[in-house]
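Report on one structure; see the data block that follows.
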Amino acid sequence: MAYIFQAPLVSDIQAIGEAFGENAQGGDLLMLNGPLGAGKTTMTQGVARGLGVRGTISSPTFVIAQIHRGRVIDLVHVDAYRLGSMDELDALDLDTSLDESLTVVEWGEGKTEVLSEDRVEVFIERPEGADAGLDPEDLFEDAPRTLRCVGVGERGAELLDAVARDERLANLIVSHGE
C-alpha cells in the first residue's frame with residue numbers, strides 16, 4: 001500500500017504528521033527518510049501534536065533518541081543518522097518501549113527496518129537548490145515537498161490507510177497504489 005502526498009506548505013507536512021499521531025497505536029513504527037532540510041523533524045512535530053505531546057520537538061541529532069509523553073501513548077523520536085552499526089542501534093534499547101509507544105525514526109532507511117515487520121516508511125523529497133540541495137537555507141521554508149508513504153505489513157498498511165482517509169488531507173493526495 002502506498003500513497004503520494006504533495007505538501008506545498010510546512011503546515012501541510014505537519015498536518016500529515018498530526019494524522020499519523022492521531023491514528024497511531026502503541027507499537028507503531030514510522031520511518032522518515034529524505035535529504036537534509038526535507039521536513040523530517042517538521043513532520044515529527046505534527047506527529048507529536050496528534051499524540052497530545054506538550055513541549056518543543058527538535059531534531060535528536062546529538063542525543064540520538066528522545067521520549068516525549070503523549071496523552072495516551074508516548075512518542076519515541078530517534079535520529080539514526082549517526083548510527084553506524086546494529087550494535088549502536090541495539091544499545092538504544094528501543095525494543096523496551098517499542099510495544100507501548102509510537103516510534104518515529106529519522107534517517108532510518110537501511111538501519112532500523114529490523115525493529116518491526118509492520119511500519120510506515122515515508123520518503124520526503126524536496127526541491128534542490130543551488131548546491132544540489134545540500135544547503136537547507138537555499139530554499140524557502142515553504143518549498144513544496146512530495147511525500148511517498150509506503151505501508152509495510154498489515155499494521156503499516158492499516159495506519160497509512162487511516163491517515164489517507166483523513167478529510168483534512170484529501171487535497172494533498174496525488175496518487176494511491178499497491
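Annotations
- In summary, residue 49 fulfils each of the numbered conditions (1) within 19 Å of residue 103 (Cβ to Cβ); (2) outside any helix (DSSP H, G or I) with the single exception of condition (2).
- Of all residues in region 46-56 being modelled with pLDDT of 95 or more and not basic (Lys, Arg), the one that is surrounded by the most Cβ atoms within 10 Å (Cβ to Cβ): 47
- Restricting region 154-178 to residues that are more than 17 Å from the chain's Cα centre (by Cα) and without any contact (Cβ under 8 Å) to a residue 60 or more places away in the chain, the residue that is surrounded by the fewest Cβ atoms within 10 Å (Cβ to Cβ): 167
- Unmet criterion (only one of (1) modelled with pLDDT under 80; (2) among the aliphatic types (A, V, I, L, M); (3) buried (at least 20 other Cβ atoms within 10 Å of the Cβ)) for residue 7: (1)
- The set of residues in region 14-41 being assigned to a helix (DSSP H, G or I) and either over 9 Å from the mean Cα position of the chain (by Cα) or surrounded by fewer than 23 Cβ atoms within 10 Å (Cβ to Cβ) (or both) consists of 14, 15, 16, 18, 19, 21, 22, 23, 41.
- Residue in region 102-124 that is part of a strand (DSSP E or B) and at pLDDT below 90 present: yes
- There is at least one residue in region 52-64 that is free of Cβ contacts under 8 Å to residues at least 60 places away in the same chain, touching a helix residue (DSSP H, G or I) at 6+ places or on another chain (Cβ under 8 Å) and under 23 Å from residue 114 (Cα atoms).
The values are calculated or read from the model by the stated rules, or taken from the named source; none is laboratory data. Owing to the predicted nature of the structure, the values given are computational and were not obtained by experimental measurement. Backbone-built Cβ (ideal geometry, glycine too); neighbour counts: all protein chains shown.
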